Amino acid sequence: MPTGFGREEDIKLSKPLAILACIALLISGCDETPSQKTDDTWLAEGKTMGTFYRVKLAGPPQQALIGLKQKIEQQLAQDNFELSTYQHDTLISQFNRYQGNTPQAITTGMADIITLALRIGHLTGGAMDITVGPLVNLWGFGPDKQPGTMPAQQQIDEARRRIGLRHLKVIQTAEGQWLQKDLPDLYVDLSTMGEGYAADHLASLMEKQGITRYLVSVGGAVKVQGMSPGGVPWRVAIQKPTDEKLDAQAIVDLKGHGISTSGSYRNYYEMDGKRLSHIINPETGRPIEHKLVSVTVISPTALEADGWDTGLMVLGTEKAQKLALEQSLAVYMITKTDQGFRSWMSPQFRSFLLSDNSVQALEHP
Ligand code: FAD
């Protein structure tokens with residue numbers, strides 16, 4: 001069973017594949033042990049947000065390790081309590097159930113993630129839309145199960161009536177931060193950014209403990225700092241977008257940045273001969289149908305990378321390339337062609353690249 005975490009690459013990246021790789025690690029029994037320590041490394045893993053987290057440290061100060069696994073799990077539990085639409089009593093679930101338009105108190109962290117989500121949402125022309133939850137749930141990619149039949153156009157129209165970034169706003173006052181909606185049944189789904197949010201929080205937790213050499217990941221969102229155990233940079237691989245084995249398409253040195261990948265080739269189901277992915281186009285109300293299959297973004301934070309990757313996925317290859325260049329984003333995209341896959345990277349991405357095994361690697365035209 002490939003662990004996907006050899007010395008060559010410290011982690012293999014592609015959200016669902018990372019889940020797969022983490023499952024491989026979990027199957028090898030890493031999850032049960034409270035944490036693993038060899039002379040130079042410390043490793044903790046576990047389940048969170050319907051996926052897996054991993055914390056790998058190089059040469060950590062002994063003092064910092066005391067109770068660290070517990071602090072990690074407390075931090076993740078707090079993130080879940082704020083953002084999970086899969087649990088009834090969380091802050092975002094309470095907001096989604098609330099049927100009024102009075103501003104509701106939220107945490108600073110929630111204000112940060114939603115403010116960034118609204119900014120990226122506007123920059124992508126609404127392609128990344130955290131109010132898309134009714135459509136995500138209608139197509140069976142949220143807490144509800146998959147529909148037995150293809151949703152009817154009337155159901156799609158009904159769900160689309162309930163979405164739109166213009167209906168949601170974050171209010172900052174001297175007393176705190178608030179979230180307000182002007183549609184009673186607006187439903188906020190932060191699944192697209194929750195992993196990046198949690199990865200950044202794990203990175204901050206490491207810094208607070210005086211740990212300066214770490215790789216933290218939640219699902220396919222990764223943040224690194226300092227050198228790996230071998231005294232070389234942490235290396236993260238972007239997976240070839242195939243259902244088969246875990247195979248590296250490109251390998252990057254993150255240089256202290258965050259990275260996230262959104263893909264349409266793993267989290268999907270087939271119905272009426274069509275492959276329906278979990279990436280929803282708010283404009284059509286349907287899963288995306290174009291040939292862009294994977295977008296990886298490197299940003300100063302994992303949260304920002306996690307927000308951009310889905311929005312660019314929705315836009316499709318041409319529009320996503322244009323926006324990536326306009327916004328000077330470090331982006332690596334893989335598009336399916338009749339001959340296989342074609343990759344493209346923005347100039348900003350090139351500075352992180354250690355190797356690219358793609359057949360047709362195009363830098364921006
Ligand atoms: P990305 O590729 O980053 O984004 C796709 C996801 O974003 C979709 O699944 C959908 O939810 C949403 N989305 C789709 N289209 C758009 C769009 N146009 N704009 C914005 N968002 C869009 N899953 C479980 O199965 N069980 C759990 O208990 C569970 N708990 C969770 C708790 C939290 C706090 C969070 C944030 C998520 C949780 N999830 C859970 C969901 C899971 O972790 C992943 O978020 C989900 O599978 C999407 O994976 P991804 O990161 O690959 O998605």
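Using the Kirkwood radius built from alpha carbon pairs, what does the Stokes-Einstein equation give as D for region 49-113 at 10 °C and 1.306 mPa s, in µm² per second?
On the way: Rh = 14.2 Å.
Rounded, D is 112 µm²/s.
Averaged per residue, what accessible area in Å² does region 83-191 show with a 1.4 Å probe, protein chains only? Write out the running numbers ahead of the final one.
Details: 5120 Å² over 109 residues.
Computed with neighbouring chains in place, this is 47 Å² per residue.
For region 90-99, just list the computed ³J(HN,Hα) in residue order, Karplus coefficients 6.51, -1.76 and 1.60, θ = phi - 60°, integers in Hz, with x standing in for Gly and Pro.
Once rounded to whole Hz, the list reads 7, 5, 6, 5, 5, 5, 5, 7, 4, 9.
Report the residue, chosen from Pro134, Pro300, Pro147, that carries the largest GNM mean-square fluctuation when the chain is represented by alpha-carbon nodes joined by springs under 10 Å.
Result: Pro147 has the largest fluctuation of those listed.
Can you give me the % of accessible surface on region 83-191 that is carbon or sulfur? Probe 1.4 Å, all protein chains present, nothing else counted. Display every interim value, and only then the final one.
Numbers: 2630 of 5120 Å².
The nonpolar share, carbon plus sulfur, comes to 51 percent.
For Arg235, Arg160, Arg54, Arg166, give me the order by solvent-accessible area with a 1.4 Å probe, most accessible first, ignoring ligands, DNA and RNA.
Working: Arg235 65, Arg160 95, Arg54 5, Arg166 175 Å².
If we order Arg235, Arg160, Arg54, Arg166 from most to least accessible, we get Arg166, Arg160, Arg235, Arg54.
Grab the DSSP H runs of the chain that are 4 residues or longer, score each as -39,500 (n - 2.57), total them, divide by all residues and round the 222 nm result to the nearest 500 deg cm²/dmol.
Taking each H run of at least 4 residues, the total per residue is -9500 deg cm²/dmol.
Out of region 215-300, which GluC sites (Glu not before Pro) are coil in DSSP terms and have no more than 11 other C-beta atoms within 10 Å?
Details: sites: Glu244, Glu270, Glu283, Glu289; in loops: Glu244, Glu283, Glu289.
Here the sparse-neighbourhood loop sites are Glu244.
Given a Förster radius of 35 Å and the C-beta distance between Glu158 and Gln74 as r, what FRET efficiency does 1/(1 + (r/R0)^6) yield to the nearest 0.05?
Numbers: r = 40 Å, r/R0 = 1.14.
My answer for the efficiency is 0.30.
Do the alpha carbons of any pairs in Lys208/Lys255; Lys47/Lys145; Lys47/Lys208; Lys223/Lys322 sit beyond 31 Å of each other, and which pairs?
Pairs exceeding the cut-off: none.
Cα-based Rg (one decimal) and Dmax (whole number) for the chain, in Å?
19.9, 61
For region 205-306, what % of the accessible area comes from carbon and sulfur atoms, probe 1.4 Å? Mind showing how you got there, number by number?
Working: 1720 of 3520 Å².
Roughly 49 percent of what the probe reaches on region 205-306 is carbon or sulfur.
Compute the distribution of all C-alpha to C-alpha distances in region 83-191, in bins of 5 Å from 0, and list the percent of pairs in each, rounded to whole numbers.
That works out to 2, 12, 21, 25, 21, 11, 5, 2, 1, 0, in percent per bin.
When averaged across all projection directions, what area in nm² does the alpha-carbon convex hull of region 121-264 cover? All intermediate terms of the calculation are to be shown ahead of the outcome.
Numbers: hull surface 51.8 nm².
Computing the convex hull of the Cα atoms and averaging its projections yields 13.0 nm².
The values are calculated or read from the model by the stated rules, or taken from the named source; none is laboratory data. Nothing here was measured: the structure is a model prediction, and the numbers come from that model. As a convention, Cβ positions derive from the backbone with ideal geometry for all residues, glycine included, and neighbour counts pool all protein chains shown. Quick note on the areas: whole protein, heavy atoms, side chains included, nothing else; ligands and nucleic acids left out. Shrake-Rupley method; radii C 1.70, N 1.55, O 1.52, S 1.80 Å.
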